[in-house]
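J.: Please read through the structure below; I'll follow up with questions.
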Amino acid sequence: MIISLGRSRIRSKVVALTVAATLSIAGAVALVSTEAAAAVGVENEGADCTVPALPSEGSLPTNSRLPDPFRKLDNTRISTKSDWRCRREEIKRLAERFVYGEKPGKPTSVTGTVSNTSITVNVNHNGRSSSFSASVSLPSGTGPFPAVVVYGGFGADTAAIRAAGAAVISYDPYVVGREGTPRNNKQGAFYSIYGNTSSTGLLVAWGWGVSRIIDVIEQSGGNILKADATGVTGCSRFGKGAFVAGAFDQRIALTMPIESGSAGVPIFRGIPGEGAQSLSSAYGEQPWFGDAFGSFTGSPNRLPVDTHETVAMIAPRGLFIMDNPHIANLGPRSASVAALGGAEVYKALGAGENITYWSDVQDGTHCANRAEWRTPLQQNIQKFLLKTGNAPGAIRISSRAQGNLADWRDWTTPTLSDSTPNPTDTTPPSTPGTPTASGVTATSATLTWGASTDQGGSGLAGYNLYREQGTTDPQIGQSTTNSTTLTGLTANTQYQVYVRARDGAGNLSGNSALVTFTTATTGGDTSPPTAPAGLAAAGTTSTSTNLAWTASTDDNGVSGYDILRAPGATGGTFTQVGTSTTTSFGDTGLTANTTYRYQVRARDAAGNISPVSNTAQITTLPGTSTGTCSAVATVQTQWGNGYVIQPLTITNTSTSTITGWTATFTLPAGHTLTGSWNGTVTVSGQTVTIRNVGHNGTLAPGASTTSVGFQASRPNGNTALPSGYTCA
């Protein structure tokens, strides 16, 4: 049960306000000068905010521009800096619902130890337990020290971190959320607590692990590590994780993602047009995203949130985004747009100097420790962790991958006032009387309670209603009077509800006594299954494609799925072309070089039909090649355990036009394909086959396409590369 929930406010002292009229690409631009800090010791300071009902997936409009981070769910815009606290909570809920999956609050019990060499974490919650540990490397000098959590030992330069005076916590995220697992059988410490079918993706699970490390540091007494000075960093997939960890835990004072790519900093709306790893590829490669994101991989313009708002969730805390403009697969142009969009929120809060984006680097090697980043890295550590510096943030975008925020927004940045609720009223209202329940149906109940009185002078603003169910009690209603009707309840379910009063300064009263009631039972099965998610196509040929999706759920079981198909990229009518009792289907008899769209819906034994899944679009291959071709690979970049081939140049070496091609090559032993673009890929053992897609299959004699590329991982230190390239 919630006992008390204090509310922190953004505290800012404006020193100067400078807005650059023009963006210098190669030179640093100092952003707005401020002092700003979020509350220490609060994982989510907006947890007590009342958030309106989130939009349903089916009601989401298509919007090619970035959503307005200042516009609330009730369609009004925030006007004061204090409004950001609850607007951030709205963004957090949207991001959880549609992108990452829910991050649960602090578990019932988190214990552990901190030593000079390690941190241990033990978690117990709802009868389940899990444990993990991380190693610690201290800098020279006398502690206690600030610390930077380094994902997988693969982030910002650890030597530079220690030289700046911060400890390094080497965190293995795979013990908390393991890669290589299906979405319906996720593994690791997080899923041991919340279930292997949890819809929460790995990025949030990894961030949950960082939060539990911070819990242990807070409880340790602060003799070795400081509880209020934690940073987080990671590169590549671990850059995605560091970014999400910083967004979802406001105790993290400095977030430093590096070359995070798709599922990281780059805006979702920009990825399809940049040649970055596709959203469907990122969704399918590992369960990084939450399961719900599968509905948006082909239609990111329907998302009610984008990553510029994830950037904004970190405001006003320190953020240092390091990026690589040399690898298009990482989406650096889209990442710069996310940074510029999020920086508008930083500026509005008077914290513009707290964000840095830096892609102006010469070395294109993936995840290299670059000389250009060493000074700003140490300056950020001094400013946000050691509290000994005040260097302003900078935006340094490489001309190789320059994003333009003006192309992506149709909103302006407001001037937010400093007004806040009456800071002198710290006295909560009186506790409400015991609630009573009446008019209980299968889905609703009316509650009435004795009114509270205001004690501090800011006036009684209303009441919050909570359902008791452990340490984190969800708010299920709100009222401005001492009576309300709860709707959307679950049939045949017991509810225990209590009420808290709130005043105009945001103070909350104590909890009222509980009222217990049970909703009525409905007759028969009238509940449809949930919509199938993650519909995706693979192995498309000139006449067939293979569909797969994530299973629906139903209270009485799913009996099967209907497969629907429509012609073309737009228009046309979806008609049923088959059924399946599994979560896959092969559609055959298609026409070569033709676009189709697919949807899937679930059925239960009572005949209830689910909403349709997301839409998957394919274009069949042009058909058999009418000539010969060659395939030549160029290594764009490589690092210890991976490399990028870009381009894989396909050239028509015949004297007549070809309308399709197939390239084949062999991966060295131990190498694994982790991503590809502008080609349809199949892998059999170490043999990789890449076939053209609709837009690059037709080549005149002597013509080439350079749009194809792929990324692979390999054992660390192995320098072998693919061989045996052929084309037909």
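The values are calculated or read from the model by the stated rules, or taken from the named source; none is laboratory data. As the structure is a prediction and not an experimental result, all values here were calculated from the model. Here Cβ is always computed from backbone atoms with ideal geometry, including for glycine, and neighbour counts include all displayed protein chains. Areas reflect the complete protein model, heavy atoms only, side chains present, ligands, DNA and RNA absent. Shrake-Rupley method; radii C 1.70, N 1.55, O 1.52, S 1.80 Å.
J.: What whole number of Å gives the distance from the Cα centroid of segment 697-728 to the Cα centroid of segment 473-493?
T.: Spelled out, the Cα-based centre of one part sits 58 Å from the other.
J.: Compute for segment 75-130: radius of gyration divided by Kirkwood radius, i.e. Rg/Rh, restricted to C-alpha atoms, rounded to two decimals.
T.: My calculation of the ratio gives 1.19.
J.: Any idea what the alpha-carbon Rg over 2.2 N^0.38 Å comes to for segment 604-728?
T.: 1.29
J.: Stokes-Einstein diffusion coefficient for segment 298-402 at 4 °C in a medium of 1.567 mPa s, Rh from the Kirkwood formula over Cα pairs: what value in µm²/s? Each step should come with its number before you reach the end.
T.: Numbers: Rh = 14.4 Å.
It diffuses with D of about 90 µm²/s by this estimate.
J.: How long is the gain from SER109 to THR481 if the chain were fully straight, where each residue apart is worth 0.36 nm and the alpha carbon distance is subtracted?
T.: Stretched fully, the SER109-THR481 segment lengthens by 130.3 nm.
J.: Rank by packing, highest mean first: peptides 152-165, 324-337, with packing defined as the count of other Cβ atoms within 10 Å averaged across residues.
T.: Averaged packing, sorted descending, gives the order 324-337, 152-165.
J.: Based on DSSP, what percent of beta bridges with both residues in the chain are antiparallel, to the nearest 5?
T.: Just about 80 percent of them are antiparallel.
J.: Mind grabbing the accessible area of LEU416 for me, 1.4 Å probe, Å², rounded to tens?
T.: Accessible area, nearest 10 Å²: 10 Å².
J.: While we're here: Based on the mean of other Cβ atoms within 10 Å per residue, sort peptides 527-535, 353-361 so the most packed one is first.
T.: Taking the mean over residues of other Cβ atoms within 10 Å, the ranking is 353-361, 527-535.
J.: In whole angstrom, and with the biggest value first, how far do the Cα coordinates of segment 326-463 range along each principal axis?
T.: The principal-axis extents, from largest down, are 68, 43, 29 Å.
J.: Compute the distance from the alpha-carbon center of segment 530-568 to that of segment 179-219, in whole Å.
T.: Here the two parts' Cα centres lie 28 Å apart.
J.: May I pose another question? Output the Cα-based Rg and Dmax of the chain in Å, rounding Rg to one decimal and Dmax to a whole number.
T.: Looking at the chain, its Cα Rg and Dmax stand at 26.8, 89 Å.
J.: I've got another one for you. By average Cβ neighbour count within 10 Å, what is the ranking of 266-274, 132-140, 435-443 from highest down?
T.: Highest to lowest by the protection proxy: 266-274, 132-140, 435-443.
J.: Any chance you could list the semi-axes, whole Å, largest first, of the equivalent ellipsoid that the Cα gyration tensor gives for segment 131-212, using √(5λ)?
T.: 30, 11, 8
J.: Enter the accessible area per residue of the chain (Å², integer; probe 1.4 Å; all protein chains in place).
T.: Heavy-atom accessible area per residue stands at 38 Å².
J.: Evaluate the relative contact order of segment 608-728 (contact order divided by residue number), counting alpha-carbon pairs under 8 angstrom at least 6 apart; express in whole percent. Walk me through the numbers before you get to the answer.
T.: On the way: 291 pairs, mean separation 42.4, N = 121.
Taking the mean separation of contacting Cα pairs over the length of segment 608-728, I get 35 percent.
J.: Considering Cα pairs under 8 angstrom that are at least six residues apart, work out the relative contact order of the chain and quote it in whole percent.
T.: Working: 1903 pairs, mean separation 77.2, N = 728.
The value is 11 percent.
J.: Can I ask one more? Rounded to the nearest percent, how much of the accessible area of the chain (1.4 Å probe, protein heavy atoms only) is carbon and sulfur?
T.: On the way: 13200 of 27310 Å².
Looking at the chain in its full context, I get 48 percent from C and S.
J.: For segment 325-337, in order, what is each residue's ³J(HN,Hα) by Karplus, 6.51 cos²θ - 1.76 cosθ + 1.60 with θ = phi - 60°, in whole Hz (x at glycine and Pro)?
T.: Per-residue couplings from phi come out as x, 8, 10, 4, 4, 7, x, x, 5, 5, 5, 5, 5 Hz.
J.: Taking only Cα atoms of segment 498-591, what ratio of Rg to Rh do you get with Rh as the Kirkwood inverse-distance radius?
T.: 1.30
J.: Apply the Karplus parameterisation 6.51 cos²θ - 1.76 cosθ + 1.60, with θ equal to phi minus 60°, to every residue of segment 391-406 and state each ³J(HN,Hα) to the nearest whole Hz, in sequence, with x for glycine and proline.
T.: Per-residue couplings from phi come out as 5, x, x, 9, 10, 10, 9, 5, 5, 5, 8, 9, x, 10, 4, 4 Hz.
J.: Okay, moving on. Give me, ordered by chain and number, the residues 5 or more places off GLN455 or on other chains with an amide H under 5 Å from its own placed amide H.
T.: Those lying under 5 Å, H to H, from GLN455 are SER430.
J.: Then there's this: Sequence-distant or interchain residues sharing an amide H contact under 5 Å with THR80, placed H: which?
T.: Amide H neighbours of THR80: SER417.
J.: Please turn the phi angles of segment 293-302 into ³J(HN,Hα) values with the Karplus equation 6.51 cos²θ - 1.76 cosθ + 1.60 (θ = phi - 60°), one per residue in order, whole Hz, x for glycine and proline.
T.: Ordered by residue, 3J(HN,Hα) equals 5, x, 6, 10, 4, x, 8, x, 5, 8 Hz.
J.: While we're here: Among the aspartates and glutamates, select those whose C-alpha is under 12 Å from the C-alpha of LYS103, and discard any that sit fewer than 8 residues away in the same chain.
T.: GLU43, ASP249
J.: Quick query: amide H of SER559 versus all other amide H atoms, modeled in the peptide plane; which residues come in under 5 Å with a sequence gap of 5 or more or a different chain?
T.: ARG603, ASP604, ALA605
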